[in-house]
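Participant: Quick one: the structure is below, and I'll ask about it shortly.
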Amino acid sequence: MAYNFAAGPARLPDAVLARAADELFRRGPDGACAIERPFTGEAFRAVLDHARQRLTELLALPTSYRILFLAGGALQQFSLVPMNLLGASRVAAYADSGYWSRRAMAEAGKLAQVEVVARHPGELPLAAPAPGSWDMPAGCAYCHITPNETVDGIAYPALPETGEVPLVADCTSSFLTEPLDVAKFGVIYASAQKNIGPAGLTVAIVREDLLERSRPEMPAPFSYRRQVEEGSCVNTPPMLAIHMAGLVFDWIADNGGLAAMAAASQRKAARLYAAIDGSAGFYRAPVAPGHRSPINIRFHLAETRLTEAFLSEAEAAGLTNLRGHRQLGGVRASLYNAMPETGAVMLAGFMADFARRYG
Ligand SMILES: Cc1ncc(COP(=O)(O)O)c(C=O)c1O
């Protein structure tokens, strides 16, 4: 059995793959399978309603929030957030916590005046921007954060306070890995291919009062308001991904919900960080304890010339897709919900054995 540690698209739960094979690709008496039916028909409406209802339950979603199932990835949201939330303002606050927050800023900067209100320290050990109360620039429409930096392996230990300014979060790599206090946010978004389902779908959760900021002249598929009005069906939505998302939400509910996901996530991460910290410096984690992501575990071999041997021997041992991001190198193990605890145990064991042989 091989374990795929890819940062995304990532492993899906075995039970979800089995259900998908059984339920999605079998034709019914109407001559169509689940992804061949009209998106405006009753059958797909039921799929959407089910996914929305399940997610509402998992998140204990307050009634003042709307769930959107949108085509595309988180990168599209980097533009859709300013397009939908700036309203009459030009100013948006961003926190620089690493790679993806900087990509978000670069896209927003094409549409808004971006003010960087917090930065990560930029030197070792790496850390998230200090939370606490952040000063917001005058007339600022929203404040954007990336609670879990997938590339850097940094996670915020606590959310910042932004007063009346709505907090917007790119939760792509941490969504559904722990309970989320939705009421603290104006908008949350996450693309699917880590913890929700196959690529092509992004879930956005928008506080109702912010919908009036989507201007009528906006292109209809990009408008949060229009998508809410039309039940995420302004045009043909990513039906396969939505259907599979519903199966993933069922799987999370059947396996104890978000509290159980968080507990498993902490156990898996603790094994790998213990393997790093217990290696007498053979492996090094660049992120400070307390700011280390439980989802994307990033480390280096002190002898960098051993990295290729580590990666190829791991691959041969069935521990796949561990190569770090192309800009940072090293090793990255992503432990999304569908990674069984045995995967983390196997990897920790491999790390100890490799260190013994080469240390
Ligand atoms: C935190 C974060 N934001 C944004 C993205 C980009 O997502 P997509 O490829 O779905 O546009 C990723 C992808 O890894 C991510 O991890």
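Participant: E217 fails exactly one of the following numbered conditions: (1) over 30 Å from N4 (Cα atoms); (2) among the acidic types (D, E); (3) assigned to a helix (DSSP H, G or I). What is the number of that condition?
Facilitator: In the conditions (1) over 30 Å from N4 (Cα atoms); (2) among the acidic types (D, E); (3) assigned to a helix (DSSP H, G or I), E217 misses (3) alone.
Participant: Looking only at the range 204-212, decide whether some residue is in a loop (DSSP other than H, G, I, E, B) and open to solvent by 20 Å² or more (accessible area, probe 1.4 Å).
Facilitator: No, every residue in the range 204-212 fails to be in a loop (DSSP other than H, G, I, E, B) and open to solvent by 20 Å² or more (accessible area, probe 1.4 Å).
Participant: Do we find a residue being outside any strand (DSSP E or B), among the β-branched types (V, I, T) and either within 16 Å of the ligand (Cβ to nearest atom) or surrounded by fewer than 22 Cβ atoms within 10 Å (Cβ to Cβ) (or both) anywhere in the range 88-110?
Facilitator: No, the range 88-110 contains no residue that is outside any strand (DSSP E or B), among the β-branched types (V, I, T) and either within 16 Å of the ligand (Cβ to nearest atom) or surrounded by fewer than 22 Cβ atoms within 10 Å (Cβ to Cβ) (or both).
Participant: When the residues of the range 46-79 are narrowed to those that are without any contact (Cβ under 8 Å) to a residue 60 or more places away in the chain and among the charged types (D, E, K, R), which ends up nearest to the ligand (Cβ to nearest atom)?
Facilitator: Among those that are without any contact (Cβ under 8 Å) to a residue 60 or more places away in the chain and among the charged types (D, E, K, R), it is R52.
Participant: Here is a follow-up. Only one of A269, A285, A280, A262 is open to solvent by 40 Å² or more (accessible area, probe 1.4 Å) and of a type in the set (G, A, S); which? Please lay out each step first, then the result.
Facilitator: Values: A269 fails: open to solvent by 40 Å² or more (accessible area, probe 1.4 Å); A285 fails: open to solvent by 40 Å² or more (accessible area, probe 1.4 Å); A262 fails: open to solvent by 40 Å² or more (accessible area, probe 1.4 Å).
Exactly one residue qualifies, and that residue is A280.
Participant: Also: I'm trying to understand the selection: among the residues of the range 168-181, which are of a type in the set (D, E, K, R) and buried (at least 24 other Cβ atoms within 10 Å of the Cβ)?
Facilitator: We begin by selecting, within the range 168-181, every residue of a type in the set (D, E, K, R); these are 170, 178, 181.
The one that is of a type in the set (D, E, K, R) and buried (at least 24 other Cβ atoms within 10 Å of the Cβ): D170.
Participant: Looking at Y189, Y142 in this structure, which one is assigned by TED's automatic domain parsing to the domain that holds A18, closer than 26 Å to L70 by Cα, away from the ligand (no atom under 16 Å from the Cβ) and at pLDDT 95 or above?
Facilitator: Values: Y189 fails: away from the ligand (no atom under 16 Å from the Cβ).
Answer to the check: Y142.
Participant: Name the residues in the range 288-315 that are surrounded by fewer than 16 Cβ atoms within 10 Å (Cβ to Cβ) and in contact with a Lys or Arg (Cβ under 7 Å, 6 or more places away or on another chain), would you?
Facilitator: Step one: of the range 288-315, the residues surrounded by fewer than 16 Cβ atoms within 10 Å (Cβ to Cβ) are 288-290, 302-305, 308-309, 312, 315.
Residue satisfying the conditions is A302 alone.
Yes/no matrix, rows are residues, columns are (1) modelled with pLDDT of 95 or more; (2) surrounded by 13 or more Cβ atoms within 10 Å (Cβ to Cβ); (3) over 18 Å from the mean Cα position of the chain (by Cα); (4) in a loop (DSSP other than H, G, I, E, B):
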| site | (1), (2), (3), (4) |
| --- | --- |
| P9 | yes, yes, no, yes |
| A15 | yes, yes, yes, no |
| A18 | yes, no, yes, no |
| A32 | yes, yes, yes, yes |
| L55 | yes, yes, no, no |
| T63 | yes, no, yes, yes |
| M83 | yes, yes, yes, no |
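Participant: For A158, only one of the following conditions fails: (1) of a type outside the set (K, R); (2) within 20 Å of A104 (Cα to Cα); (3) not in a strand (DSSP E or B). What is its number?
Facilitator: In the conditions (1) of a type outside the set (K, R); (2) within 20 Å of A104 (Cα to Cα); (3) not in a strand (DSSP E or B), A158 misses (2) alone.
Participant: If only one of V151, V165 is open to solvent by 10 Å² or more (accessible area, probe 1.4 Å), among the β-branched types (V, I, T) and part of a loop (DSSP other than H, G, I, E, B), which one is it?
Facilitator: That would be V165, the only listed residue that is open to solvent by 10 Å² or more (accessible area, probe 1.4 Å), among the β-branched types (V, I, T) and part of a loop (DSSP other than H, G, I, E, B).
Participant: Tally time: how many residues in the range 122-138 are under 15 Å from R102 (Cβ atoms) and of a type outside the set (G, A, S)?
Facilitator: So the answer is 2.
Participant: Which condition from (1) at pLDDT 95 or above; (2) open to solvent by less than 30 Å² (accessible area, probe 1.4 Å); (3) assigned by TED's automatic domain parsing to the domain that holds C171; (4) in a loop (DSSP other than H, G, I, E, B) is the one that F39 breaks?
Facilitator: Only one criterion in (1) at pLDDT 95 or above; (2) open to solvent by less than 30 Å² (accessible area, probe 1.4 Å); (3) assigned by TED's automatic domain parsing to the domain that holds C171; (4) in a loop (DSSP other than H, G, I, E, B) is unmet by F39, namely (2).
Participant: Tell me whether the range 316-339 contains one or more residues that are buried (at least 18 other Cβ atoms within 10 Å of the Cβ) and part of a helix (DSSP H, G or I).
Facilitator: no
The values are calculated or read from the model by the stated rules, or taken from the named source; none is laboratory data. Quantities reported herein were computed from a predicted structural model and do not represent experimental measurements. Heads up, the Cβs are rebuilt from the backbone with ideal geometry, glycines too, and the neighbour counts pull from every protein chain shown. Ligands, DNA and RNA are stripped out before the accessible areas are found, and what is left, the full protein with its side chains, is counted by its heavy atoms. Shrake-Rupley method; radii C 1.70, N 1.55, O 1.52, S 1.80 Å.
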